[in-house]
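A.B. asks: Right, I'll just put the structure down here and ask away after.
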Amino acid sequence: GNVVVSRRVILEEEARLKREALAESLTEGKVVTGKVKNITDYGVFVDLGGIDGLLHITDLAWGRVKHPSEVVKAGDEIEVKILKFDKDKSRLSLGRKQLLEDPWSKVPERFPAGTRLHAKVVSVTDYGAFVEVEPGVEGLIHVSEMSWSRRAKHPSKVVKVGEEVDVVVLEVKPDQQRISLGLRQTLPDPWQAAADRFPVGSIVKGTVRGVTDFGVFVEVDQGLEGLM
């Protein structure tokens, strides 16, 4: 005389129908509101009401984000844009920065070539240093633009992460989201005063920097080399 019943079966069926109805309403490009469910190193999972979507760290904000927890917290309700929806695999890709103004859209007007800026170093590589011009906009100081010396030092010997430096805008390519910056342009060019400081006939001391078959290169001052 015992009857085994299940409420879970009914709830699962209701949840399935709800997910199917929600899936039909979701289209790429649509803006929806969801709740932050889980945060990982590579992004955020957002619950849209029965279907979870991934908001990748690169689509959280226009600026450099070290960890998603810097931008959102678990339980936050946020607006996101559906970037891609694969119904067969139940994969949903979301974007948040797409709802914010692209800072690069006004870069050519705000930072034309020749503009002098005060920026913060955010990354150092073998070929240069990246600095934050403003939130969401970074520029590169190539190693060749760091000093007047022909013998370029490693960028880490010139600047450090977190250091604030003065730079000059050399070139802007908004379509590629690139800004070329120069550090040496904020420093006096040693060659402009070379003729006055080292007139013909003067005796100077220097450091041998290179020996070739045709002579010796001697550095008489930082950024100034002569051939003997």
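The values are calculated or read from the model by the stated rules, or taken from the named source; none is laboratory data. Bear in mind the structure is a predicted one, so any value in this text is a computation, not a measurement. Note that each Cβ is placed from the backbone with ideal geometry, even for glycine, and that neighbours are counted across all protein chains shown. Remember, those area values only see protein heavy atoms, side chains included, never the ligands or the DNA or RNA. Shrake-Rupley method; radii C 1.70, N 1.55, O 1.52, S 1.80 Å.
A.B. asks: Just give me the residues in region 180-195 being touching a residue at least 24 places away in the same chain (Cβ under 8 Å) and either of a type in the set (Val, Ile, Thr) or not in a strand (DSSP E or B) (or both), in sequence order.
C.D. replies: LEU183, ARG184, GLN185, THR186, LEU187, ASP189, PRO190, TRP191, ALA194
A.B. asks: For region 15-47, name all the residues that are open to solvent by less than 30 Å² (accessible area, probe 1.4 Å) and modelled with pLDDT of 85 or more.
C.D. replies: VAL32, GLY34, VAL36, THR40, GLY43, VAL44, VAL46
A.B. asks: Looking only at region 136-151, filter to residues that are among the β-branched types (Val, Ile, Thr) and within 17 Å of the chain's Cα centre (by Cα); which one of those is modelled with the highest pLDDT?
C.D. replies: ILE141
A.B. asks: Ok, one more. Restricting to region 52-75, count the residues that are small (Gly, Ala, Ser), within 15 Å of LYS37 (Cβ to Cβ) and surrounded by 13 or more Cβ atoms within 10 Å (Cβ to Cβ).
C.D. replies: Matching residues across region 52-75 total 2.
Every residue, every condition in (1) of a type in the set (Val, Ile, Thr); (2) farther than 30 Å from GLY50 by Cα; (3) part of a loop (DSSP other than H, G, I, E, B); (4) under 17 Å from the mean Cα position of the chain (by Cα), yes or no:
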| site | (1), (2), (3), (4) |
| --- | --- |
| LYS73 | no, no, yes, no |
| LEU94 | no, no, no, no |
| GLY114 | no, yes, yes, no |
| VAL131 | yes, yes, no, yes |
| LYS153 | no, yes, yes, no |
| LYS160 | no, yes, yes, yes |
| VAL172 | yes, yes, no, yes |
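A.B. asks: Would you confirm, using the coordinates I've provided, whether ASP175 is open to solvent by 40 Å² or more (accessible area, probe 1.4 Å) and in contact (Cβ under 8 Å) with a residue 24 or more places away in the chain?
C.D. replies: Against the criterion (open to solvent by 40 Å² or more (accessible area, probe 1.4 Å) and in contact (Cβ under 8 Å) with a residue 24 or more places away in the chain), ASP175 does not qualify.
A.B. asks: As an exercise: evaluate VAL121 against (1) surrounded by 14 or more Cβ atoms within 10 Å (Cβ to Cβ); (2) outside any helix (DSSP H, G or I); (3) modelled with pLDDT under 85 and give the number of the one condition it does not meet.
C.D. replies: With (1) surrounded by 14 or more Cβ atoms within 10 Å (Cβ to Cβ); (2) outside any helix (DSSP H, G or I); (3) modelled with pLDDT under 85 applied to VAL121, the lone miss is (3).
A.B. asks: Tell me, yes or no, whether region 40-55 has at least one residue that is among the aliphatic types (A, V, I, L, M), without any contact (Cβ under 8 Å) to a residue 40 or more places away in the chain and over 11 Å from VAL80 (Cβ atoms).
C.D. replies: No, region 40-55 contains no residue that is among the aliphatic types (A, V, I, L, M), without any contact (Cβ under 8 Å) to a residue 40 or more places away in the chain and over 11 Å from VAL80 (Cβ atoms).
A.B. asks: Counting only residues that are assigned to a loop (DSSP other than H, G, I, E, B) and within 18 Å of the chain's Cα centre (by Cα), which one in region 96-112 is modelled with the highest pLDDT?
C.D. replies: Of everything passing the filter in region 96-112, ARG96 is modelled with the highest pLDDT.
A.B. asks: Okay, next question. Where residues in region 196-228 are assigned to a loop (DSSP other than H, G, I, E, B) and surrounded by 13 or more Cβ atoms within 10 Å (Cβ to Cβ), which of them is nearest to the chain's Cα centre (by Cα)?
C.D. replies: Here the residue is GLY223.
A.B. asks: Now for a different question. Looking at region 76-105, I want the residues that are farther than 18 Å from VAL36 by Cα and have a partner that is at pLDDT below 85 and of a type in the set (Lys, Arg) with Cβ atoms under 7 Å, at least 6 apart or on another chain. Which pairs are those?
C.D. replies: Nothing qualifies.
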